[in-house]
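J.: Sharing a structure here in structure tokens format.
The values are calculated or read from the model by the stated rules, or taken from the named source; none is laboratory data. Source: prediction; values computed, not measured. Note that we place each Cβ from the backbone using ideal geometry, even for glycine, and neighbour counts take in every protein chain shown. Ligands, DNA and RNA are excluded from the accessible area calculation, which covers all protein heavy atoms including side chains. Shrake-Rupley method; radii C 1.70, N 1.55, O 1.52, S 1.80 Å.
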Amino acid sequence: MKKEVDARGQACPRPVIMTKKALDEISEGIVTTIVDNEVAKENVSKLAKSLGYEYSVDKNGENEYYIHINKGQVMEETNVCVPDTFKDMTIAFSSNTMGGGSEELGKILMKSFIYTLTESTPYPSTLVFYNGGVHLTCEGSPVLDDLKKLEEEGIEILSCGTCLDFYKIKDKLSVGSVTNMYSILEKLKNPTKTVIIG
């Protein structure tokens, strides 16, 4: 079975939600999602990857992408070194400071916390940054080196695209990738495997 999802002109996370709905409607087959910007292309591709489906991307013109997702065709496992992680454990950062009270102390505590993450295993599988937390993943952040080290260890680092746009710092993102609210919700769904810092 083949289904086509025309998500051109749709703001995130709509392309991801539309694609997920189309995939849920078929038992197997190919869902092709059409988007008109690179962020949406990356987010739909990440959805396919997170579900374990094979996918390919065709570019048509300057800003039109066709993402073909093959439901039923599971990605081959590769023999790679997997870091020691808490399976599906997500740590979410809603601020660039830790705790209430003194902002100066909060920044010191946050820097210490993220450094401690680099020195402690098992690692979480994902770090999510939203609202003021996105400042931590951008140029000028005091924890960039530590976050880059975690990313090199295989930890997924995601920053809210809406938040980056709000603070006008999307072009300053220096580690990890941009995500959307659908993906953030998916990461935070399991309360027993989620820690929120802020």
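J.: If you look at just the Cα atoms of the range 2-76, how large are its Rg and its Dmax in Å?
T.: 11.1, 33
J.: Enter the angle in degrees (range 0 to 90, nearest 10) between the Cα long axis of helix 38-51 and the first principal axis of the Cα atoms of the chain, meaning the one along which they spread out most.
T.: Taking the Cα atoms of the chain, the angle to 38-51 is about 90 degrees.
J.: Something else: Considering every Cα-Cα pair within the chain, what fraction, in whole percent, is farther apart than 23 Å?
T.: 48
J.: What part of the accessible area of the range 82-197, given as a whole %, is carbon or sulfur when the probe is 1.4 angstrom?
T.: Answer for the range 82-197: carbon and sulfur cover 54 percent of the accessible area.
J.: Which order, highest average first, do 109-122, 50-63 follow once you tally other Cβ atoms within 10 Å for each residue and take the mean per peptide?
T.: Top of the packing list down: 109-122, 50-63.
J.: Mind ordering 88-94, 4-10 by average Cβ neighbours within 10 Å, highest first?
T.: Per-residue Cβ counts within 10 Å, averaged per peptide and sorted highest first, yield 88-94, 4-10.
J.: Further question on the same structure: When ligands, DNA and RNA are left out and all protein chains stay put, how many square angstrom of accessible area per residue does the chain have with a 1.4 Å probe?
T.: Per-residue accessible area for the chain comes out at 56 Å².
J.: I need the trypsin sites (Lys or Arg not before Pro) found in the range 169-198, filtered to DSSP loop residues with at most 11 other beta carbons within 10 Å of theirs.
T.: Qualifying residues, ordered by number: LYS189.
J.: Okay, helix-only estimate at 222 nm for the chain: each DSSP H run of n ≥ 4 adds -39500 (n - 2.57), divide by all residues, round to 500 deg cm²/dmol; what do you get?
T.: -10000 deg cm²/dmol
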